[in-house]
Amino acid sequence: MSQQVEQFFENLWNDYIKLTPSAAKVHEVLGQGRDIINDHVAFRTFNQAPVRLETLAKHFEAMGYKACGDYHFEAKRLVAKHYEHEDPTLPKIFISELLVEEFSPELQSIVKELVAQIDPAAVEKPEFLYSGKYWQISSNDYERLLEESEYAAWMAAFGFRANHFTVNVNHLPDFESLEQVNATLKTAGFRLNTSGGEIKGSPEVYLEQSSTMADHAPVRFSDMEKVIPSCFYEFAKRYEIAPNKLYTGFVAASADKIFESTDARASAEQDN
Ligand code: OOG
Ligand code: NI
């Protein structure tokens, strides 16, 4: 791995843990001092120039990543792609984008106003991928987005950065199963995303996934500060699709539920 690529992932991680302090605790609890290998990192964006999925992906293609899978989430009005690198120590990359034109004119106009504030030259630098947001947004507009799309509201509040990292459970020496990982996390006080069940997927689809509910972080809106869900940690166990060959793709039905890890309304339901 080149030093530049290594530095990129280190910067991405450092930005992520600022908003996700529990990530350090996840490493402590699951790694017990040993390095954790990440299966993938996920990014979110809008399908609007200059920040379309394909434009952001160019940074990964320049690092040697190749486009591998396409996904569509009809109810959430999102599409996604995943990228893989031939260096097995590098995480896969999952990038989704919101299909803005499928929402109300009001949502479209709020989002377009945000995106218009981005200098297209900024997007051309790899640092863009952990540079946060380029706009001011009122708490009212945030709430308005939240009514239609939790994803749009998250993007408006946090901008461009890793949405989550994902522990590669196959590489955790002390854990045989995802159940065991989940039980250890719950004992340590973590709250897991239970949408679609604690474990999404199965050996039959060659991938099992779980995730924490997002941490909470203070966000400065133009009129006030609010504490809202920020980023989460995911856990993935992969199964062999052929002898000695693990499945490397994603599972749309499972991913659909993982998106809800930043949804405070889903977590409020869990509390009831
Ligand atoms: C992405 C959710 C999907 C996965 O691994 O299936 C996902 C997101 O929440 O932005 O990460
Ligand atoms: Ni993920």
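The figures follow:
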item: Residue check for residue 271: modelled with pLDDT under 95 and farther than 25 Å from residue 67 by Cβ; result: yes
item: Residue in the range 198-216 that is farther than 23 Å from residue 73 by Cα and not in a helix (DSSP H, G or I) present; result: yes
item: Residues that are surrounded by fewer than 16 Cβ atoms within 10 Å (Cβ to Cβ) and either more than 24 Å from residue 124 (Cβ to Cβ) or within 15 Å of ligand 2 (Cβ to nearest atom) (or both), drawn from the range 38-68; result: 68
item: Selected residue [surrounded by fewer than 24 Cβ atoms within 10 Å (Cβ to Cβ), among the charged types (D, E, K, R) and assigned to a strand (DSSP E or B)] from 237, 226; result: 226
item: Residue count, the range 158-190 (criterion: touching a residue at least 40 places away in the same chain (Cβ under 8 Å), in a loop (DSSP other than H, G, I, E, B) and more than 16 Å from ligand 2 (Cβ to nearest atom)); result: 7
item: When residues of the range 192-210 are limited to those that are more than 17 Å from the chain's Cα centre (by Cα) and charged (D, E, K, R), the one nearest to ligand 1 (Cβ to nearest atom); result: 198
item: Contacts under 7 angstrom Cβ, first residue in the range 88-103 being without any contact (Cβ under 8 Å) to a residue 60 or more places away in the chain, partner of a type in the set (Asp, Glu), 6 or more apart; result: 103/148
item: Given (1) within 16 Å of ligand 2 (Cβ to nearest atom); (2) among the charged types (D, E, K, R); (3) exposed (fewer than 13 other Cβ atoms within 10 Å of the Cβ), number of the condition residue 97 does not satisfy; result: (3)
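The values are calculated or read from the model by the stated rules, or taken from the named source; none is laboratory data. Being a predicted model, the structure only gives us computed values, none of them experimental. FYI the Cβ positions are ideal-geometry reconstructions off the backbone, even for glycines, and counts take in every protein chain you see.
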